[in-house]
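The values are calculated or read from the model by the stated rules, or taken from the named source; none is laboratory data. Everything numeric in this text was worked out from a predicted model, so none of it was measured. In this analysis, Cβ positions are derived from the backbone assuming ideal geometry, glycine residues included, and neighbour counts consider all displayed protein chains.
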Amino acid sequence: MSRGQVFLPYLKKRRKTFTLFVAFFLVFFVVFLLYRLPTEPLWYALVLCLSIGGIVSVADFYAFTRKHKNLAALIKSITHGELELPMSKDLIEQDYQQLLRLLSEEKRELTSSAEQKRRELVEYYTLWAYQIKTPIAAMRLALQSKNDEDSVELLMELFKIEQYADMVLQYLRVESPSTDFVLKRYSLDDIVRQAVHRYAKLFIRKKIGLDFKELDCEVLTDEKWLVFVIGQIFSNALKYTKEGTISVYMEDRAKKTLVIEDT
């Protein structure tokens, strides 16, 4: 805020002092009139008081402005650490600062508790996602030994369960502060083929065709995450496409726009 914008709040804060000063002057003025005393000393005293008061007010206004700027800078740079508040000038400011410190400490404790619960939840779901893969693998081996229609259908449903477990792992990976993203340049054709390979059995099972045109494009990305994202698009396309074809092509090679389109 500029000094002009600070001036009105300053006047509001000091309005009682200014009002009291005017009231005192009026009292003296009325007394001088009632007792028919010469008013010249009164006007002289008023000029002196206004001069001294003006100097004090200007200094006070600059101190008020400086304190406002310090607090505004503190608001912008505030962290979860200890509050470094400016020195309090009176008992009321000390009370407010004590209140702020108590609130800050309570907020820090709540944040720490919430972060601890989040870490425990992430650890739980990570452990669950990894452990669920063991029975999935065992069930797949048991079903692959059979060639009947029911086994094939159960294998498809088992594949979906595995995809949901992978989805949990991927989301936990994104939310983790220690996410091991590896950004490199990859062939987009290779990444799309990996996603297609994962869902090949569903393509065959649902008799959905795949029209894959060479993309001839390199992208800067994290391979695991992009394979997962494209896989989710294929999953949705296969889920809601009863018959027809899923097409993969590059719409605008200049802008590198990948299109995955179903019917």
### Query
Between a first residue in the stretch 71-93 that is modelled with pLDDT under 75 and a second residue that is of a type in the set (Gly, Ala, Ser), which pairs have beta carbons less than 6 Å apart while being 6 or more apart in sequence or on different chains?
Leu83/Ser104
### Task
Determine, yes or no, whether Ser235 is among the polar types (S, T, N, Q), modelled with pLDDT of 85 or more and part of a strand (DSSP E or B).
no
### Query
Do you know which residues across the stretch 1-39 are in a loop (DSSP other than H, G, I, E, B), under 23 Å from Asp60 (Cβ atoms) and over 35 Å from the mean Cα position of the chain (by Cα)?
Arg14
### Task
Kindly list the number of the only condition in (1) part of a helix (DSSP H, G or I); (2) under 36 Å from the mean Cα position of the chain (by Cα) that fails for Met87.
(1)
### Message
Condition check: surrounded by fewer than 11 Cβ atoms within 10 Å (Cβ to Cβ) and either assigned to a helix (DSSP H, G or I) or in contact with a strand residue (DSSP E or B) (Cβ under 8 Å, 6 or more places away or on another chain) (or both). Does Leu220 satisfy that?
### Response
yes
### Task
Search the stretch 182-207 for residues being under 31 Å from the mean Cα position of the chain (by Cα) and of a type outside the set (A, V, I, L, M, F, W, C), and hand back the single one that is surrounded by the most Cβ atoms within 10 Å (Cβ to Cβ).
Tyr186
